[in-house]
Amino acid sequence: MKKTLLSLIIITFIFILYPAYSSRASLITPDKKQDFTSNINNAATSIYDTNRDLNTTVAKVIQLVLSVLGMIFLVLMFLAGNDWMQAAGNEEKVKKSQEVIRNLLIGLVIVLVAYAMSSGFSTVLKNLVK
């Protein structure tokens, strides 16, 4: 399962990033390629901007972590659903897939509650500091 997950992630990144840098891609004009490159450079410089305050930095880190967790959730949910569909009536495989899906949903709820709590606490702390 780990090899399948790793292969799926690598293939996804190849399909997302390859057309942006491919000179053979017919839909990407040089102007669009330049815009994409400048957007990537702007995003990279905004991540390492040292003039930001702590709140903005923490918010960006939380946003990045939640984005990665969301991608992991979607990939694992797809794999669990795929296992369920390929169970072919095998009750043991169906139960295992349902358990994985249930655990994924519980993990998603925990992540969302943690985000809501951290967002609420940061708002309270910001109001106390002012």
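The values are calculated or read from the model by the stated rules, or taken from the named source; none is laboratory data. Predicted model only: the values in this text are computed from it and were never measured. Because the Cβ atoms are built from the backbone with ideal geometry, glycine has one as well, and the counts that use them run over all protein chains shown. Areas reflect the complete protein model, heavy atoms only, side chains present, ligands, DNA and RNA absent. Shrake-Rupley method; radii C 1.70, N 1.55, O 1.52, S 1.80 Å.
Against the definition (among the basic types (K, R) and either open to solvent by less than 90 Å² (accessible area, probe 1.4 Å) or at pLDDT below 85 (or both)), how does R102 come out, yes or no?
Spelling it out, it is not the case that R102 is among the basic types (K, R) and either open to solvent by less than 90 Å² (accessible area, probe 1.4 Å) or at pLDDT below 85 (or both).
Kindly provide the set of residues from the stretch 105-125 that are open to solvent by 100 Å² or more (accessible area, probe 1.4 Å) and not aliphatic (A, V, I, L, M), ordered by number.
Y115, F121
Which residues, taken from the stretch 87-102, are of a type outside the set (D, E, K, R) and in contact with a helix residue (DSSP H, G or I) (Cβ under 8 Å, 6 or more places away or on another chain)? Spell out the reasoning first.
Taking the stretch 87-102 first, the residues of a type outside the set (D, E, K, R) are 87-90, 94, 97-98, 100-101.
A87, V94, S97, Q98, V100, I101 - these are the residues of the stretch 87-102 that are of a type outside the set (D, E, K, R) and in contact with a helix residue (DSSP H, G or I) (Cβ under 8 Å, 6 or more places away or on another chain).
For I72, only one of the following conditions fails: (1) open to solvent by 90 Å² or more (accessible area, probe 1.4 Å); (2) at pLDDT 85 or above; (3) among the hydrophobic types (A, V, I, L, M, F, W, C). What is its number?
Here I72 clears every test but (1).
Is there a residue in the stretch 61-68 that is within 20 Å of L6 (Cα to Cα), modelled with pLDDT of 85 or more, of a type outside the set (A, V, I, L, M, F, W, C) and not in a loop (DSSP other than H, G, I, E, B)?
No, the stretch 61-68 has no match at all.
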